[in-house]
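See structure below.
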Amino acid sequence: MDATVISLPLPALPEGWEAEKDFRAIGGITKSSATARTLEPVGPHFLAHARRARHKRTFSEDDR
Amino acid sequence: MGDSGTRLAVDPNDRVTIGISFGNSNSSIAHLVDDKAEVIANEDGDRQIPTILSYVDGDEYYGQQAKNFLVRNPTNTIAYFRDFLGKEFKSIDPTHNHASAHPQESGETVAFTVKDKAAAEGEEEEEEPAPSTLTVSEVATRYLRRLVGAASEYLGKKVTSAVITVPTNFGEKQRAALIAAAAAADLEVLQLISEPVAAVLAYDARPEAQISDKMQVVADLGGTRSDVAIVASRGGMYTVLATAHDYEFTGVALDKVLMDHFAKEFLKKNPKAKDPRETPRSLAKLRLEAEATKRALSRGTNAAFSVESLSDGIDFATTINRLRYETLARTVFEGINRLVESVVKKAGLDVLDIDEVVLVGGTAHTPRIAANLGFLFPQTTRILAPATDTSAINPSELQARGAALQASLICDYDPEDIEQSTHAAVTTVPHVANAIGIVSPGPSGEEVFVPIIPTDTAVPARRTVQLSVPAGGDVLVKVVEGNTHIKVTKPEPAAKENGESKAAKVEDADEDADEDDSDFSDEEEEEEEEKREKVWKIGSTLAEAAVRGVKKDGKVEVSITVYADLTVVVTARELGGKSAVRGTLPSA
Ligand SMILES: Nc1ncnc2c1ncn2[C@@H]1O[C@H](COP(=O)(O)OP(=O)(O)OP(=O)(O)O)[C@@H](O)[C@H]1O
Ligand SMILES: [Mg+2]
């Protein structure tokens, strides 16, 4: 999917905010907050997903 | 696909492919012309081809010609058989076969007995050829052979392979039986795909379509069944969240409403005549014409009903207007609305979560049904039906088109490629339960959630957004999880006694709809409604990142990728800027 343009601003960086390489990891997605479901094996985007899954390729490798 | 059973395999280089929708009432065939799916008209000029076979003097008729024989040759006419494939006799519903060849038990399967052979020539006149008992698989094979024949004739080359659509509740045995029946008709089934997904694909494959994230209701309203599915459409990938199947609020039920109406009107004018519903032949005529009148009422606000020798040799002609029809058919229309509502709930969603309602199937042409669904959902929900959206695709063509598109996508695949790509190891994947997004300052300083990856998105997934930085300078990209709830604001207590708001109706429809006799549409304006809105709630914070020195009126692009193991990678950079901030969040 192309980038979606959102007409909203980003907040200003709070005074004194510091982090190594400007990135601070705080949490992560928990296994319990993901549900196993079945994708319909239909359409070009699914087939691209299947190709990546079968050849263990990432999105960026796929883009090239 | 995992369907066992006899299957035909054709060398990909030799394939000629089509898409087939195979319904109990009608079927369609489609192919691709310059990447655009088109439904093929058969020799009779029909694009909706009745799923019926009829035998007369050893000749086989199919489609509309066979349907017409329901009047004069019902016992040798086989109709409404698709759902019997792969089923045992005791588990089928023969309701719709009363006026044509009756299904019977035949070992593990269902069969029909018809006279499909001609009397041998030169023999004694009386010598009737023995009737044949045809299993439902044989019937399906013969019917598919006719569809493939029509497509081959149209394309000028022999069709070898097809993608066929099936309902979401078509079991493994039914799938296997269909594949085997196709193989016996010399047709390779590349893949069976589910009907609602085929319909959605037909829309998404249009050149002007924008692939986006949206929650869809697919309401497939056919002749003998109404099937509804909730589809989470995420970047062109589809996950069915819930389904419901109904056999009561259907096209056939609408025919029945008109049949009763016209029969009564006939009897009023001809009090001594026999009720046309009491003789099979009159009933068959009544049914055919009532259906034609019903279809005409989708196009115009008035329609004629005219049958020669309807009963006791009396001709009958009359007209009906759409309003009258809509009043008579109200129970059926309301049943359809309740069905749709129930599936939304079953998926754990609210009507406010639905972005699009895709109407599919012949009955979806009915303007009132589309309008009623419009009243069920908020105004922002798109109702994709001919009566409510001029850009809607013909609901009778969606499935065949989707099947043709899928056929063209996989026509170069070896059977093993198809098998592997559709295997559970590839299709069954984690879907995020919470949305992932970032935070933007709202007008009064509060934090507003901006979803980037919506709920029910399959992983791996990647989404990219661009936000503005009007003032320039250093900005914060705060990545959080989010979820929605429905906020209800009660109206001021200028109380109404017996009026109920649309919102309350949505919640209590199951109890109320039967008793409530005011019309769906009329209630809308007069009342002060409870205000219901979907609001985002910000959950746990996943990460923070800084993008520094953004120029005034600059833009920042944020990209979030969730991998199969639920690892999240965030990147943020100024658009046109060189360096990006990037970080990884292992699954917690
Ligand atoms: N223009 C129309 N307006 C209203 N109803 C229509 C129209 N065209 C077709 N129908 C009705 O649609 C029904 C057939 O739907 P469809 O062609 O989707 O069949 P199907 O999927 O084979 O049905 P099923 O499997 O549920 O029996 C019939 O009841 C028919 O009368
Ligand atoms: Mg159907």
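Some notes on this structure:
- Packing here is the average count of other Cβ atoms within 10 Å per residue, and on that basis the peptides A:5-18, B:479-492, B:36-49, highest first, run B:36-49, B:479-492, A:5-18.
- Here is what passes the span test in chain B: the DSSP H helices with alpha carbon length of 20 Å or more along the helix axis and a Kyte-Doolittle mean of -0.5 or above are B:136-155, B:251-269, B:330-346.
- Within the accessible area of region B:79-215 (1.4 Å probe), percent carbon and sulfur: 48 percent
- Taking 25 °C and 0.890 mPa s as conditions, region B:149-227 diffuses translationally at an estimated 165 µm²/s according to Stokes-Einstein applied to its Kirkwood radius (Cα pairs).
- Environment charge of B:THR455, counting only residues whose C-beta is closer than 11 Å and scoring Lys/Arg +1, Asp/Glu -1: -3
- Percentage of interatomic Cα-Cα distances in region B:320-385 larger than 13 Å: 65 percent
- Inter-part distance where region B:15-61 and region B:160-199 are each reduced to a Cα centre, Å: 15 Å
- For region B:100-253, lysine pairs with C-alpha atoms less than 30 angstrom apart, excluding pairs fewer than eight positions apart on the same chain, total 5.
- Fraction of alpha-carbon pairs over 24 Å apart in region B:270-426 - percent: 55 percent
- Chain A against chain B buries an accessible area of about 5700 Å², both chains summed, 1.4 Å probe radius.
- In Å, descending, principal axis extents of the Cα set of region B:338-426: 47, 30, 20
- Value of D in µm² per second that Stokes-Einstein yields for the protein assembly as shown, Kirkwood Rh from Cα pairs, at 4 °C (1.567 mPa s): 47 µm²/s
- Under 16 Å from a label point set 7 Å out along the Cα-to-Cβ vector of B:SER309, no amide N atom of region B:233-273 is found.
- P(r) for region B:205-315, from all Cα pairs and a bin width of 10 Å, is 13, 30, 22, 17, 11, 7, 0 %, short bins first.
- Virtual spin-label span in nm between B:ALA564 and B:SER152, 7 Å along Cα→Cβ: 4.1 nm
- Under the Karplus curve 6.51 cos²θ - 1.76 cosθ + 1.60, θ = phi - 60°, whole-Hz ³J(HN,Hα) for region B:304-316, x wherever Gly or Pro sits: 8, 10, 8, 9, 6, 6, 5, 7, 6, x, 9, 6, 9
- For A:ILE29, net neighbour charge (Lys/Arg +1, Asp/Glu -1) across residues whose Cβ lies under 13 Å away: -1
- For B:LYS552, the lysines whose Cα comes closer than 21 Å to its Cα, not counting residues fewer than 8 places off in the same chain, are B:LYS478, B:LYS578.
- Set of region B:135-166 residues, backbone N closer than 16 Å to the point 7 Å along the Cα-Cβ line of B:ASP14: B:157-162
The values are calculated or read from the model by the stated rules, or taken from the named source; none is laboratory data. Quantities reported herein were computed from a predicted structural model and do not represent experimental measurements. No Cβ is skipped: glycine too gets one built from the backbone with ideal geometry, and neighbour counts run over all protein chains shown. The protein model used for the area step is the full one, side chains on, heavy atoms only, and it has no ligands, DNA or RNA in it. Shrake-Rupley method; radii C 1.70, N 1.55, O 1.52, S 1.80 Å.
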